[in-house]
Each structure stands twice: as C-alpha cells, then as structure tokens.
Amino acid sequence: MKATVAICTHNRSKDTKEAVESVMSSGTDLDDYEVIVVDNRSTDDTAAVMKALQERYGERLRYVFEGELGLSVARNRAIREAKGTYILFLDDDALAMPGWMEAIVDVFESDAAIGCVGGRIDPVWESAEPDWIPEEHRSVFTILDYAPTITEMEAPSIPYGANVAFRRELFLDIGHFREDLGRRGGKLLSSEESELIGRLRRSHKVYYTPHGGVRHKISKERATRKWFLKRMFWQGVSDAVRREDRSAFAVAKHIVRLLQAVVSMLPAVFRPKAFIRQLVHICYRNGSLIGILRYGGGRS
C-alpha cells in the first residue's frame, strides 16, 4: 500500500469527521491508500461518528480505539497499525487541500534519502486573528509557510505535526515518538516531533512542499493571551523534558533569564507587543524550571 493517512483524535468528533471527509474528497489519483482514525480515549460520540463514516467509505477507513491517553501514544499506535509505505499525519482539526496526499508522496518518491516531508499549514481563524501576536511566535498556532518551492528544511527548522509525513520503515531504525512528550489531556506538552526528527536527520533528509497544504482551524479559545501564554509555559516544560538536562547549571541559567525578563517588563509596559514578548520569556522560563524539577524524572 502506498500511503496511510493517520488522524489521532480526542473528543473532537465533528472536527475529525470533517478531517476524514477532506482527505476522501481531496482528489488524489492514488488508489492504494487508507485512512486510520486513532480514537485516543474519547468520551464523546467519536466512535458512532466514525462507524457512520465507515458505512460510507468502506474498508478504506479504519477506526482504532487507543485506551492510553496521550498524543504520542496515539501516533505510535497509528504507526503500528499502518500498512502504507508512507504515513501522513493530519491533525483532527485540520483539512486536507486538493491534491494534498499526492503532493506529499511525490516528494518522497523523488529521493530515497528523504525520510520526512512537511507541507504548508494555513490558519483558519474562528475569530479574527489577534493583532497582539508577535510575528516570531505565530508558529505557536501551528502556522507554516516555509518556502514558495519544494525545498530541504535545514535544522533547526521542522515541519509541524498537523501536516507531517514519514517513511514507515524508518521507525524500525529510529524508534517511535517519545511518549513522555506530546499532548496529554489538558497538558500542552509538545516537542515530540522535533525530538523524533532530530533522530531522523542523522540518516535522512527533511523536505517541505508548499503544494501539500492543509487548513488548520484555530478556535477562538486559542486566540487569547491566556491560551498563548499557557502554551509558551508548556513549551518551556517540553523543551526541558526533551533536553534531559537537570543540572544545577541548567536551573541557574533559567533563573537568571527569568529575572532578566522580569526586569525587562518595566520599560515595555506601554508597548503591547514588547510587553507580550517579555511575558512569553517569563512563562517559557517558568515552564523550563518546572520541566527540570517536576517532569525531568525520566521517560515514560
């Protein structure tokens, strides 16, 4: 089988239905593909909604229930279940654009050394895009427009999980997603993709294509300063867990930078974007310290 589209979901039956429908109607010429929905311990009507979709799409759509909560757990389940040569991960709140699947597969088949391919991610704001978001932090909302042409992504740049694909066989060599990273319930842990892609880059290349695009929904709840700063806090936690550095030097470094950010807030009070930037630093450093002291006890 050429491709497996994997959609991992938790309590988003409506969004997941729309994601599946977008793939099925994306206009691919590929005949040998499947779509797997991994239900990560949902308590809503996801199972019933997927059953109805299976009646429409038949064996091409597979539904798998994963009882252990965690996005990385669900992704690893998708990897084990997949039959395709390439695994294309699509977030449950994303919509595949026409030609998406084929565009991703074409990049893989242009060079056997390419192990990972990411595509463009356009935002679909439920409310208006906030004007207070610093440009350098728009990526926090899973927005990606890396280049106008197909190109290699050089480290540290990576594709984002809403639209990222891998050669399935590589997981036998590099291992799976770390399950101590990635979303888990209300915890906005992340960095599972950057950690995995870091391992992949030791032997394979990472590419980007603007032609394999998706549209990513951004709810009005996310378009708030509260959510944004919470997300930056958890990014600090995630990076600390990923680095696995619990030394006294690491703790001291984050304390010093936290204090620097607090001091820098004073002259930024009357400049909204500058003030937000300092709050970002404070939240991130707080998260880094929590990640070292509370979550740094080892991998799950």
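Here, each number is a calculation from the coordinates, and none is a lab measurement. Only a predicted model underlies this, so the values are computations on that prediction, with no experimental measurement involved. Every residue, glycine among them, receives a Cβ derived from its backbone with ideal geometry; neighbour counts consider all protein chains shown.
If you place +1 on the Cβ of every Lys and Arg, -1 on the Cβ of every Asp and Glu, and leave all else neutral, what size is the dipole of the chain about its Cα centre, to the nearest 20 Debye?
In total the dipole reaches around 1540 debye.
If R0 is taken as 41 Å, the Cβ-Cβ distance between ASP131 and LEU293 corresponds to a FRET efficiency of 0.70.
With 24 Å as the limit, write out which pairs from LYS83/LYS217; LYS17/LYS83; LYS187/LYS273; LYS187/LYS226; LYS14/LYS51 have Cα-Cα distances beyond it, or answer none. Going by Cα-Cα distance, LYS83/LYS217; LYS187/LYS273 fall outside the 24 Å limit.
Net length available on complete extension from SER247 to SER203 is 12.9 nm, with 0.36 nm assigned per residue and the Cα-Cα distance removed. State which helices in the chain qualify, where a helix is a whole DSSP H run, it must extend 20 Å or more along its own axis by its Cα atoms, and its mean Kyte-Doolittle hydropathy must be at least 0.5. Those that clear 20 Å and a mean of 0.5 are 248-265, 272-293.
Around the amide H of GLU66, modelled in the peptide plane, lie the amide H atoms of ASP39, ASN40, ARG41, all under 5 Å away and 5 or more residues distant in sequence or on another chain.
Of the chymotrypsin sites (Phe, Trp or Tyr not before Pro) found in the stretch 213-278, the ones in coil according to DSSP and having at most 15 other Cβ atoms within 10 Å of their Cβ are PHE270.
Sparse packing (at most 13 other Cβ atoms within 10 Å of the Cβ) combined with a DSSP loop state is found for the following GluC sites (Glu not before Pro) in the stretch 152-222: GLU154, GLU221.
On the principal axes of its alpha carbon atoms, the stretch 225-293 extends 37, 24, 13 Å, with the longest extent given first.
One quarter of the convex hull surface built on the alpha carbon atoms of the chain amounts to 15.8 nm², the projected area averaged over directions.
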